[in-house]
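Here's the structure we're looking at; comments come further down.
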Amino acid sequence: MKVIHELCDICGTCVAVCPVDAITVSEFNVEIDNDICTNCLNCLKVCPAKAIVEGE
Amino acid sequence: MVKDRYDIVVIGAGPAGSVAARYAAENGASVLMLERDREPGIPVRCAEGVSHNGIAPFIDIDKRWIASQIDVAKLTSPNGESAFMHNNGLGYVLERRIFDTALCALAAKHGARLITKADALDLIKENDKITGVKYRYMGETREVKCDIVIAADGTESRVGRWAGINTTVALRDIDTCVQYTLAGLDLKKDTCEFYFGNEVSPGGYIWIFPKSDSTANVGIGIAGHLSHEKGPKEYLDEFVAERFPNATITYTMYGGVPTAATLKEIVRDNIMLVGDAARQVNPITGGGVVQGMIAGSIAGKVAAEAVNQGQFDAKFLKKYRKEWDKTLGNTQKVMHSMKEKFLFMTDERFNNLVSYCKKIPSDKFSLKVLFTEAVKGDPKLMLDVAKSFVVSKIKLK
C-alpha cells in the first residue's frame, strides 16, 4: 500500500482498521510498512481522503 | 523543568487525556501529558456538538469556547420529511481548539504538566513490564519513566497495540468522515440538522451544526464497509451543492469515528486506555467528547488510587473497567446493537420513522422515543433500549 502524501490529511483512520500495525502516524506524516502489510485493503477502503492506493 | 519520572504519563491531550490527567493530579499523583501536535485541540477533528449536561460536570461553561447554543434537533428522512425534537436538553457547538486548551489549563491548575510537540514513539519495557514512554521532542528522542501509562491517543491509537492489546476496529465499526466548515449560509443558529438515507449517507448520517447564523460544521460519516468508489466526500459534495450552492468552505477535515462497543481490554498491567483509543464512543451518534471525559475522570481517579496504594497491575486497574461499564460501557453495548439495526434500515423504514416522530408533539419527542420506535419489532432490543435509558442518566452525544 502507498500513501499519496498530497492527499493525506493525517487523520489516522487507516491505523484503526489495520489488523497488523503496519501504519505509523506522526504530526506530519503517515507511513505504511510494506514488509508488515498483508494487503487486506482495509486502510484503502476507509480512507476518507482517498489517499491510499495499491502498490509500493 | 520536566522531570524524567512521573507517577503517570498520559499520551494525548484531547478531552479524555486532559480530564484523566486532571483527576489523577487532583487525587495526588504526579502527571505528565504528552501531546503530539503543537497545541491541544488542533487540528480539529470533530463535529463539535455536545450536550450541556455532558460537559457541565467537568468544566465551568465559558463563552470563549461556545460557538452556539442548540435547542432544536431536526431529523430529515430520505423523502425530505422532517421531524423536530425540542426536549433533548440544551446543547452547544464548541470551538474545540479553545475548549481543549481550557481542559489542559484545568489539568495544569491541578498540577499536571503538558509537553506539546511530544510524539510518543514506544513504550519502555523492562522484563515485559511497562516502565515508561519513549517520545520525540523537537528532533530529540527522550525517555520518561512512570508507573502507569494512560493512552488517550485517539482513533489512530497505537499505544494500546504497543502494550499487546488488540485495538483493531472492523470496517463496519468505523465511520469514515469528511466535514467542511461552511461560511456564507443562512441558518437558524439554535437548530442542528441530521439527514438520513442510503442514498444520502449509507450507514451513517449528514449533520449540520451551526456555529453562527451564517457558518456551520457540515459533515458526513458513512460506515466503513459501505465506502467504495463513492466515498464520504462525494456524498457530502452532492449534499452541499444542493443545499448550500453558494457556500464557501473555510475548513476541510477528514477523520474516522469508531462506532464499536468499548474494546474488550482497556487495562493491562501499568496501562489504561481512554476515549477514542478505547473506542469509548456512542456508536449511534458518533459522539465521543463527553464519553471520553467520563472515561478520563474514572481512569484518572483509579490511576491516582493505584499510585497511592502502590498497585499497578491489571487486577487493580480493572476498577476503571468496572466503573466504566456501570456508567456508560453497558449502554454503549446496547447502542452498538441498535447501530447494527440502523445499518440495515431501508429508506422506507427511515421515512416511516420520521413520519411517526412527526406525529408526536415536539415537546414529547426525545431520543428515547425515537430509539424505541426504531427497534420496534425486536422485543429484546426494545427492552435493552428502555433499560439503558433508565440506568444511564447521562445524555447522549
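Quick notes
- Here the protein assembly as shown is described by how far its Cα atoms reach on the three principal axes: 62, 50, 43 Å, from widest to narrowest.
- Taking each of A:Lys2/B:Lys315; A:Lys2/B:Lys63; B:Lys211/B:Lys368; B:Lys134/B:Lys341; A:Lys2/B:Lys211; B:Lys63/B:Lys301 in turn, the alpha-carbon distance tops 32 angstrom for A:Lys2/B:Lys315; A:Lys2/B:Lys63; B:Lys134/B:Lys341; A:Lys2/B:Lys211.
- Buried accessible surface for the A/B pair, both sides summed and rounded to the nearest 100, is 2100 Å² with a 1.4 Å probe.
- Per residue, in Å², the accessible surface of region A:2-53 once ligands and nucleic acids are set aside, probe 1.4 Å: 44 Å²
- Out-of-range pairs (alpha-carbon distance over 23 Å; input A:Lys50/B:Lys188; B:Lys264/B:Lys376; B:Lys188/B:Lys387; B:Lys326/B:Lys387; B:Lys333/B:Lys380): A:Lys50/B:Lys188; B:Lys264/B:Lys376; B:Lys188/B:Lys387
- GluC sites (Glu not before Pro) within region B:138-215, DSSP loop, no more than 12 other Cβ atoms inside 10 Å: B:Glu199
- Listed residues B:Gln179, B:Gln332, B:Gln311, most fluctuating in chain B (Gaussian network, C-alpha, under 10 Å): B:Gln311
- Efficiency of FRET between B:Ile98 and B:Met1 - r from beta-carbon atoms, R0 35 angstrom, step 0.05: 0.80
- Square roots of 5 times each gyration tensor eigenvalue, C-alpha, chain B, largest first, Å: 36, 23, 19
- Springs between Cα atoms under 10 Å define the GNM used for chain B, and in it the highest mean-square fluctuation of B:Glu340, B:Glu35, B:Glu126 occurs at B:Glu126.
- Rolling a 1.4 Å probe over the protein heavy atoms leaves B:Asp60 with an accessible area of roughly 130 Å².
- 0 to 90° range, to nearest 10: angle between helix B:347-359 axis and chain B longest Cα axis: 80 degrees
- Acute angle (nearest 10 degrees) that the helix B:379-391 long axis makes with the longest principal axis of chain B, alpha-carbon atoms: 60 degrees
- Counted over chain B, the DSSP beta bridges are approximately 75% antiparallel.
- Fraction of accessible area attributable to carbon and sulfur, chain B (%, probe 1.4 Å): 51 percent
- Between B:Glu126 and A:Asn29, the C-beta separation translates, for a Förster distance of 30 Å, into a calculated FRET efficiency of about 0.50.
- In chain B, the calculated helix contribution to ellipticity at 222 nm averages -9500 deg cm²/dmol per residue, counting -39,500 (n - 2.57) for every DSSP H run with n ≥ 4.
- Charges were assigned to the Cβ only: +1 to each Lys and Arg, -1 to each Asp and Glu. The resulting dipole of chain B about its Cα centre is roughly 980 debye.
- Average Cα contact separation per residue, chain B, under 8 Å, 6 or more apart, as relative contact order %: 22 percent
- Residue of B:Met33, B:Met138, B:Met272 that the Gaussian network model of chain B assigns the largest fluctuation, springs spanning Cα pairs under 10 Å: B:Met138
- Degrees separating the helix B:314-324 axis from the principal Cα axis of chain B, which is the longest one: 30 degrees
- Full extension of the chain between B:Asp378 and B:Arg64 gives 108.6 nm of extra length, using 0.36 nm per residue less the Cα-Cα distance.
- Measuring r between the beta carbons of B:Thr346 and B:Glu143 and using R0 = 60 Å, the FRET efficiency lands at 0.60.
- Gyration tensor (Cα) of region A:2-53, equivalent ellipsoid semi-axes in angstrom: 15, 12, 10
- Think of it this way: in the protein assembly as shown, A:Cys8, A:Cys11, A:Cys18, A:Cys37, A:Cys40, A:Cys47, B:Cys46, B:Cys104, B:Cys146, B:Cys177, B:Cys192, B:Cys357 stand alone, with no other Cys Cβ under 4.7 Å.
The values are calculated or read from the model by the stated rules, or taken from the named source; none is laboratory data. This one's a predicted model, so the numbers in the text were calculated from it and none came from an experiment. Please note: Cβ atoms are built from the backbone with ideal geometry, for glycine as well, and neighbour counts cover all protein chains shown. Note: areas computed on protein heavy atoms with side chains; ligands, DNA, RNA excluded. Shrake-Rupley method; radii C 1.70, N 1.55, O 1.52, S 1.80 Å.
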